[in-house]
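Inspection log for the structure reproduced underneath, given as C-alpha cells.
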Amino acid sequence: AATYALTYARNYNTDYKYFTDDNGDGVDCTNFVSQCLLAGGMPEIPKNPVIAITDRDNEANWFYLNSLGVDWVSRSFTSATKFNMHWGQTNMRAFQTIEYASGSEALKDIDFLLRYLKKGDVIQLRTAGTATVRHSMIVYDDNATCDGRHKGLAGECPYSGRKEILYAQHSDDFDNGHLRALLKDKENGVNILIIKIKKDV
C-alpha cells in the first residue's frame with residue numbers, strides 16, 4: 001500500500017478513473033486511498049462483483065470493477081463518507097477507529113499517534129458538526145524525520161529533526177504530507193478521523 005501510494009501520489013494510475021467532481025462518488029482522494037489498500041492486499045467485498053448488478057450503494061460493499069472500459073465502482077471505494085462507513089464504525093471492517101474533535105486535540109495525543117499509526121492506515125477529515133467526511137489520506141511512512149518540507153514545499157518548521165508520520169493524497173496530489181503540520185493546520189472546526197486498518201501495534 002505504501003509503495004503504491006508513493007508511485008501514484010503525483011501521477012495517477014490510468015487503470016482507474018480519476019474523479020474530478022463530487023457527484024455522489026466523491027473526488028479522487030478516497031479513490032486513491034482505496035487503490036492503495038487494494039494494492040496492499042485488502043480484498044474486495046464481494047469477492048467477484050458483477051457489473052450493473054452488484055449493489056454499489058451498499059456501504060458494506062467495497063470494490064472497483066472495470067470491464068470492457070466500463071467502471072462499476074462501490075460508493076465506499078470513492079466517497080469519503082461511505083468509505084468511513086465501510087471501514088469505520090458502521091461496518092467496522094478496520095481494526096479500530098479513533099476520532100478527535102480537532103487537530104489541536106489530536107496534537108495533544110501526538111506521541112501516541114506517532115507510535116500507533118502504521119503504513120496503510122488512513123486519516124480523514126470531517127467538518128465539525130456534520131456527518132459528511134470530506135477528505136481521505138493514507139500513511140506511507142511511519143518512521144520518518146521531519147525535514148521541514150511539508151507537501152514538498154520548503155519552509156520554517158518547529159518540528160524539524162523530530163519523528164514524523166508522512167501521508168499521501170489525491171485531489172490536491174502530493175506526498176510528503178506531515179502529520180503534525182496537518183493537525184496544526186486543522187486546529188479547530190475539523191474532526192480528525194483515524195482508521196487503523198490492521199492490528200499491527
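The values are calculated or read from the model by the stated rules, or taken from the named source; none is laboratory data. Nothing here was measured: the structure is a model prediction, and the numbers come from that model. Don't worry about glycine lacking a Cβ; one is built from the backbone with ideal geometry, like all the others, and counts go over all protein chains shown. Surface areas here come from the heavy atoms of the whole protein model, side chains and all, with no ligands, DNA or RNA. Shrake-Rupley method; radii C 1.70, N 1.55, O 1.52, S 1.80 Å.
Worth a mention:
- Enclosing the Cα atoms of region 1-63 in their convex hull gives a volume equal to 96 cubic angstrom per residue.
- Contact order, relative form, for region 100-175: 25 percent (alpha carbon pairs under 8 Å, 6 or more residues apart, mean separation divided by residue count).
- Counting only Cβ charges, +1 for Lys and Arg and -1 for Asp and Glu, the dipole size of region 104-201 around its Cα centre is about 300 debye.
- Charge-dipole axis of the chain as Lys and Arg at +1 and Asp and Glu at -1 on Cβ define it, positive-most pick from Asn58, Tyr167, Phe95: Phe95
- Temperature 25 °C, viscosity 0.890 mPa s: under these conditions the Stokes-Einstein estimate for region 14-145, based on its Kirkwood radius over C-alpha pairs, is 157 µm² per second.
- Placing +1 on the Cβ of every Lys and Arg and -1 on the Cβ of every Asp and Glu, with no other charges, gives the chain a dipole of roughly 460 debye about its Cα centre.
- Using a Förster distance of 41 Å, the FRET efficiency for Ala101-Leu68 (Cβ separation, nearest 0.05): 0.30
- For the chain: relative contact order, % (alpha-carbon pairs under 8 angstrom, 6 or more apart): 25
- Residue of Asn84, Asn143, Asn11 that the Gaussian network model of the chain assigns the largest fluctuation, springs spanning Cα pairs under 10 Å: Asn11
- Average accessible surface area per residue within region 98-143, 1.4 Å rolling probe, Å²: 43
- Only protein heavy atoms count here; under a 1.4 Å probe, Arg162 has an accessible surface of about 120 Å².
- Top of Ser102, Ser79, Ser34 by mean-square fluctuation, Gaussian network on the chain, Cα under 10 Å: Ser102
- Here region 89-172 has 46 percent of its accessible surface on carbon and sulfur atoms, given a 1.4 Å probe and all protein chains in place.
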